[in-house]
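Step one of this worksheet: look at the structure below.
The values are calculated or read from the model by the stated rules, or taken from the named source; none is laboratory data. For clarity, every value in this text was computed on a predicted model and none was experimentally measured. Cβ coordinates were reconstructed from backbone atoms using ideal geometry, including for glycine residues, and neighbour counts include every protein chain displayed. Just the protein is used for accessible areas: all its heavy atoms, side chains included, with ligands, DNA and RNA removed. Shrake-Rupley method; radii C 1.70, N 1.55, O 1.52, S 1.80 Å.
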Amino acid sequence: MNFTNRLGKICDALGTNPKATYPVMLIALVKGICRPTFTMMDKTEKPETKKYTALREGLTEFIAIPTYLVCGEVAARIAKKLKFKNVPPDVNTSLVKRASKNMMFIGVCTAALFIIPALCSVAIKPIMDKFMPQKPKNNKPQIDTNMANKITTLNKPDINSFADKSNPIKPIYNNRNIYSGMKVGGV
């Protein structure tokens, strides 16, 4: 069997039994390969930053692929247990199939919105620490705390001077009309 026949059978199987997990897993696979590759090809970044970022992006998609599959299949199995009341058996079967497809889509969306970010926040840090013990250093300038304290203590206004009634604050406009005389619309 040649390549085109195999590809045709795969496309036929995907077209007759579409599942929401397949395209999402394919996208995650491509992102898991391409994003780290493009990150490593960046000439402007430091090598340790590129390695850290590429590994983190690859791990995220490595976690995402099985999570999409599991969440979609679990949601579809939950839908297959549904029984619709007052519906003929043949209609009930088609309703369960439709509900299964919709629940699979909902399972994939739930994985993308909640489960994958939760798993990544729990799993990626220990894995990253094991593979790369030193994270890239932040290049932000350090603030001298002594200088910051001096700046905040300089020229602090005396609150009591505002309460002094012998030297009232004069209004800026000196009791004149505050409008400049310009008219709206150029007229």
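Overview of values
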read-out	value
Cα principal axis extents for the range 1-69, largest first, Å	47, 28, 15
Relative contact order (%) - criterion: Cα under 8 Å, at least six apart; region: the range 1-139	29
Cβ charges +1 (Lys, Arg) and -1 (Asp, Glu), total dipole of the range 25-135, debye	320
Centroid-to-centroid separation of the range 56-125 and the range 1-55 [C-alpha atoms, Å]	20
Rounded percent of accessible protein surface that carbon and sulfur make up, the range 4-103, 1.4 Å probe	65
Per-selection Kirkwood Rh - the range 44-124 (Cα, Å, 1 d.p.)	14.8
Per residue accessible area in Å² of the range 1-116, where ligands, DNA and RNA are left out and the probe is 1.4 Å	70
